[in-house]
Ligand SMILES: Cc1cc2nc3c(=O)[nH]c(=O)nc-3n(C[C@H](O)[C@H](O)[C@H](O)COP(=O)(O)O)c2cc1C
C-alpha cells in the first residue's frame with residue numbers, strides 16, 4: 001500500500017503526528033511550506049483571517065500528484081477553528097486524486113472546530129472519498145494509541161476496493 005502523507009505545520013505538532021504515521025505506514029511524506037511565512041504576530045491576524053475565509057496561501061510544492069498512491073492522508077493545524085490556508089492550497093494542488101480514499105487529521109489546542117468538515121468538503125469536491133478523520137489535542141499528539149488508531153484507519157482505507 002502506498003500512502004502519501006501531506007501536511008502543513010507551523011510549530012511542529014502536525015509534523016510530529018505526520019512523521020509517526022508515515023514511519024508506521026512506510027509512506028511518503030510531503031511537507032507543504034509557505035513561500036512566504038507568517039510571523040508570530042501576523043499568524044494570528046492575517047493567518048486566522050485567511051483561514052476563516054477558506055483562502056489559499058502560495059505553497060511549495062505547487063502541484064502534488066497522487067496518481068500513483070493508494071491512499072491520501074492530509075494533516076492540518078487548526079487556526080481559528082479552520083484548516084490552514086496552506087492546507088487549503090494543498091487540496092487545490094492535488095492532481096490525480098479523483099476516486100482516491102483519504103484519511104484526514106487536525107492538531108489543535110483544545111477544539112478542532114470546523115477544520116475537518118471544511119477540509120472534507122474541499123476534498124470531496126475533487127472526487128476524493130474521506131474514509132476517516134482524527135483530531136489530536138496536545139495530549140493526543142503524544143498518545144501512541146491514537147496514532148495507532150489512525151494508522152489502522154489508513155491501512156483499511158488504502159485497501160478499500
Ligand atoms: C494562528 C493560530 C490559531 C489557532 N487557533 C486554534 C483554534 O481555533 N482552536 C484550537 O484548539 N487551537 C488553535 N490553535 C492551536 C493550534 O491548532 C495547535 O497548537 C496545533 O497543534 C499547531 O499545529 P503545528 O504545531 O503543526 O503548527 C491555534 C494556533 C495558531 C498559531
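The numbers here are math on the coordinates, done by the rules we state, and not lab data. Small disclaimer: the values here were computed from a predicted structure and weren't measured. Positions of Cβ are generated from backbone atoms using ideal geometry, with glycine treated the same way; all protein chains shown enter the neighbour counts.
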Q | Rg to Rh quotient for region 3-159, alpha carbon positions, Kirkwood Rh | A | 0.93
Q. Please state the relative contact order of the chain as a whole percent: Cα pairs under 8 Å, 6+ residues apart?
A. 25
Q: Quote the FRET efficiency, to the nearest 0.05, computed for residue 46 versus residue 110 with a Förster distance R0 of 22 Å and r equal to the Cβ-Cβ distance.
A: 0.45
Q.
Order these by the 10 Å Cβ neighbour count, fewest first: 138, 100.
A. 138, 100
Q) Roughly what angle does helix 115-125 make with the longest principal axis of the chain, taking Cα atoms, 0 to 90 degrees, to the nearest 10? A) 60
Q. What's the extension gain from residue 155 to residue 138 if we count 0.36 nm per residue and subtract their Cα-Cα distance?
A. 3.7 nm
Q.
Neighbour counts of other C-beta atoms within 10 Å: give me 118, 39 arranged from fewest to most.
A. 39, 118
Q. Would you list 150, 1 from fewest to most Cβ contacts within 10 Å?
A. 1, 150
(Q) As I understand it, the value is the acute angle between the Cα axis of helix 144-159 and the longest principal axis of the Cα atoms of the chain; what does it come to in degrees, rounded to 10? (A) 60
